[in-house]
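Visitor: I am attaching a structure below and will ask some questions about it afterwards.
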Amino acid sequence: MNNNVIGRKLAKEASISFGGMGMGSLFRYLFSIIFSQFFGASALGIYSLGNAVTRIGEIFGIVGLDNGVLRYVSREKEKNENVKNSIYSSIKMGFISSIIFGLLIYFSSDWIVRNFFSNVDEFLSIVIKVYALTLPFTVTTLIASSATQGFKILRYKVFVNQIINPFTLLITMIISYLFFDVKIAILAPTIISALIGFFLILYYLNNFVDVGIKKIFNAKLNKEIFKFSLPLMFVSAIGIIMHWTDILMLGNLKDEEIVGLYHPVERTAGLIRMILFAFASIFAPLFSQYYHEKNETKMLEVLQLSTKWILLTSLPLFIFLILFSDTMLMLFDFEYKNKDLFALPILTIGIMIQAIFGLGSSSLTMSGFQKYNFINTLVALFTNILLNIILIPDHGIAGAALATTISLLLISLLRFFQNYYFLRMNLLSSKLFKPILSGLLTAVIAFFIKSYISFDYNSSTPLLHLIVYLLLGASLILLVYMVLIWIFRLDDEDKDIAQVITNKLLNK
């Protein structure tokens, strides 16, 4: 498989993932905006804290089996009995473990709120209990969707997890607002989306293997998958705890209103992550296959090509979020202090660093060096917690953003050097020069033009005016960036990828 063929495969599947994640990010962003407009910062903070606790429990419940089933299914050439048993066994183990951890969270929710979130409304305890009961459904959904991804087909996983799930959250929240109250609006979306996603992904999994309760119940436990997956549970757990550390620490050191103010910052900066995840979702099974085949040339090609396209596609969004950060936060109708406005550009820089170096985590995991991912995330987690304790009391949400950015920089550097040392792979290449130069020039031109466009906005500015202003700014940045990319010319492999993505987006 030459570079162009690898590129076409990446482009085809990544465009599916990117399109789905783009829609999902839009639905989640609308959820956050509308929720903030309807219910305010305190309610959004309770939702965020309940979600944070449950997502951590979900990682323990899944026991790393999503990565395990992805790795073992992607290595098989056809749907044989090993593939079927890998899937059945993974679902069975995940369902059992998620019930255990769900019950643990349910019965310890009062203790969690009393000891960790003493300044937060006690309704958070009920939220955690209800969310905990959804774990068997969300864990099974994640394992089953990773099984479909193992066949190097992303559309089912993307459709369920990135489109249906956030769309259900959004619609259920709006219906709850119209017919019920704020408490139902916090609880109902998570329950409904978990159930719909569960039944839908099992339906799609039937396209690959015959899924039945009896077959899953009678499946033999695959010790090999469990042995591989268990260390990944700790890696993923530490990673997800790190992801939610700023939310949890703000809830511990401040209150739910401050958490609610930070939620839009995290959600906005997190838009860049969808680009990383879009490429990582197809990069992981491809890299696993090439490593299994001991083809170092293809391993390096897919790593560098994926990194280049993550940078190429994320730069316009990064520039936009930096230049229009204060306006983006006004969409949520919250009152931010002047120093709080620095939180978004600070966190955006951190997540951009994570996006560029993020594939280093997948390459280590898929090549059997998952223990170093564990060490990396552990170091970054403790760094993040320590910095949050130091920075949050005096600097609030800006301090939380800075703590996360420093931690993301640290873990990115660790992954970069470990990939170079253990795998002899450097994800950076000279081909990154054109995107970086185009991005720098775009930022300078957009900043210069923006300084001459007067737009007076404050808390009373109509939402429509803000949206129009942001759309004009985004269009300007994208236009300038695309013109510069055209001037500098794409490489042949990039033209091939761009054509595939264009055809995919146009449904050709």
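Visitor: Can you pull out the residues in the range 125-139 that are buried (at least 23 other Cβ atoms within 10 Å of the Cβ), aliphatic (A, V, I, L, M) and farther than 29 Å from F283 by Cβ?
Guide: V127, I128, A132
Visitor: Residues in the range 464-471: is at least one surrounded by fewer than 16 Cβ atoms within 10 Å (Cβ to Cβ), over 30 Å from G368 (Cα atoms) and under 26 Å from the mean Cα position of the chain (by Cα)? Show your work before the answer.
Guide: Kept after step one, since they are surrounded by fewer than 16 Cβ atoms within 10 Å (Cβ to Cβ), are these residues of the range 464-471: 464-465, 467-468, 471.
Now drop any that are not over 30 Å from G368 (Cα atoms), which leaves 464-465, 467-468, 471.
Filter again for under 26 Å from the mean Cα position of the chain (by Cα), leaving 467, 471.
Yes, there is a match, as at least one residue in the range 464-471 is surrounded by fewer than 16 Cβ atoms within 10 Å (Cβ to Cβ), over 30 Å from G368 (Cα atoms) and under 26 Å from the mean Cα position of the chain (by Cα).
Visitor: Step by step: first the residues of the range 167-188, then only those that are without any contact (Cβ under 8 Å) to a residue 24 or more places away in the chain and open to solvent by less than 70 Å² (accessible area, probe 1.4 Å), then the one that is nearest to E58 (Cα to Cα). Which residue is that?
Guide: A188
Visitor: Quick check on the range 96-113: of everything there that is touching a Ser or Thr at 6+ places or on another chain (Cβ under 8 Å) and surrounded by fewer than 19 Cβ atoms within 10 Å (Cβ to Cβ), which residue is farthest from N222 (Cα to Cα)?
Guide: D110
Visitor: Further question: Looking at T54, is it farther than 16 Å from F226 by Cβ, buried (at least 18 other Cβ atoms within 10 Å of the Cβ) and either out of contact with any helix residue (DSSP H, G or I) (no Cβ under 7 Å at 6 or more places or on another chain) or without any contact (Cβ under 8 Å) to a residue 60 or more places away in the chain (or both)?
Guide: No; evaluated as a whole, the condition is false for this residue.
Visitor: Does Y452 satisfy being assigned to a loop (DSSP other than H, G, I, E, B), open to solvent by 60 Å² or more (accessible area, probe 1.4 Å) and either modelled with pLDDT under 90 or β-branched (V, I, T) (or both)?
Guide: Yes, satisfied.
Visitor: Collect the residues in the range 416-443 that are in a helix (DSSP H, G or I), more than 28 Å from A474 (Cβ to Cβ) and under 26 Å from the mean Cα position of the chain (by Cα), keeping them in residue-number order.
Guide: Within the range 416-443, F416, F417, Q418, N419, Y420, L423 qualify.
Visitor: Another question about this same structure. Using beta carbons and a limit of 9 Å, which pairs, at least six apart or on different chains, have the first residue in the range 140-155 and open to solvent by less than 10 Å² (accessible area, probe 1.4 Å) and at pLDDT below 90 and the second one among the β-branched types (V, I, T) and not in a helix (DSSP H, G or I)?
Guide: Going by the 9 Å Cβ cut-off, the qualifying pairs are A147/V209.
Visitor: Being closer than 25 Å to S362 by Cα and assigned to a helix (DSSP H, G or I) is the requirement here; does F95 meet it?
Guide: On the way: closer than 25 Å to S362 by Cα: yes; assigned to a helix (DSSP H, G or I): yes.
For F95, the condition - closer than 25 Å to S362 by Cα and assigned to a helix (DSSP H, G or I) - is met.
Visitor: Shifting gears a bit: Please go through (1) at pLDDT 90 or above; (2) touching a helix residue (DSSP H, G or I) at 6+ places or on another chain (Cβ under 7 Å) for S429 and return the number of the only condition it doesn't satisfy.
Guide: Only one criterion is unmet by S429, namely (1).
Visitor: Hey, among F217, F208, which residue is aromatic (F, W, Y) and open to solvent by 30 Å² or more (accessible area, probe 1.4 Å)? Steps first, please.
Guide: Values: F208 fails: open to solvent by 30 Å² or more (accessible area, probe 1.4 Å).
After ruling out the rest, the residue left standing is F217.
Visitor: Starting from the range 410-438, take each residue that is within 18 Å of E301 (Cβ to Cβ) and list its partners that are open to solvent by 80 Å² or more (accessible area, probe 1.4 Å), counting only C-beta distances under 7 angstrom and pairs at least six apart or across chains.
Guide: N426/Y420
Visitor: When the range 283-309 is examined, which residues are found to be under 13 Å from G368 (Cβ atoms) and open to solvent by 40 Å² or more (accessible area, probe 1.4 Å)?
Guide: Of everything in the range 283-309, those that are under 13 Å from G368 (Cβ atoms) and open to solvent by 40 Å² or more (accessible area, probe 1.4 Å) turn out to be Y291, H292, K294.
Visitor: To continue, here is another question. For the subset of the range 413-423 comprising residues that are farther than 12 Å from T377 by Cβ and at pLDDT 90 or above, which member is surrounded by the most Cβ atoms within 10 Å (Cβ to Cβ)?
Guide: Q418
Visitor: Looking at F159 and the list (1) more than 20 Å from G68 (Cα to Cα); (2) open to solvent by 30 Å² or more (accessible area, probe 1.4 Å); (3) out of contact with any Gly (no Cβ under 7 Å at 6 or more places or on another chain), which single condition is not satisfied?
Guide: Here F159 meets the rest and fails (3).
Visitor: Filter the range 85-129 for residues that are touching a Leu at 6+ places or on another chain (Cβ under 6 Å) and of a type in the set (S, T, Y); which is modelled with the highest pLDDT?
Guide: Across the range 85-129, the extreme among qualifying residues is S98.
Visitor: Do you know which residues across the range 355-369 are modelled with pLDDT of 90 or more and either surrounded by 24 or more Cβ atoms within 10 Å (Cβ to Cβ) or assigned to a loop (DSSP other than H, G, I, E, B) (or both)?
Guide: Within the range 355-369, A355 is the sole residue that qualifies.
Visitor: Condition check: open to solvent by 50 Å² or more (accessible area, probe 1.4 Å), of a type in the set (F, W, Y) and modelled with pLDDT of 90 or more. Does Y47 satisfy that?
Guide: In short, no.
Visitor: Continuing with the same structure: Report yes if some residue within the range 243-261 is over 30 Å from P393 (Cα atoms) and either open to solvent by less than 10 Å² (accessible area, probe 1.4 Å) or within 15 Å of the chain's Cα centre (by Cα) (or both); otherwise report no.
Guide: No; the residues of the range 243-261 include none that is over 30 Å from P393 (Cα atoms) and either open to solvent by less than 10 Å² (accessible area, probe 1.4 Å) or within 15 Å of the chain's Cα centre (by Cα) (or both).
Visitor: While we're on this one: What residue, of L347, L386, is of a type in the set (A, V, I, L, M, F, W, C), open to solvent by less than 40 Å² (accessible area, probe 1.4 Å) and part of a helix (DSSP H, G or I)?
Guide: After ruling out the rest, the residue left standing is L347.
The values are calculated or read from the model by the stated rules, or taken from the named source; none is laboratory data. Only a predicted model underlies this, so the values are computations on that prediction, with no experimental measurement involved. Cβ atoms come from the backbone with ideal geometry, glycine included; neighbour counts cover every protein chain shown. The area values use the complete protein model at the heavy-atom level, side chains included, leaving out ligands, DNA and RNA. Shrake-Rupley method; radii C 1.70, N 1.55, O 1.52, S 1.80 Å.
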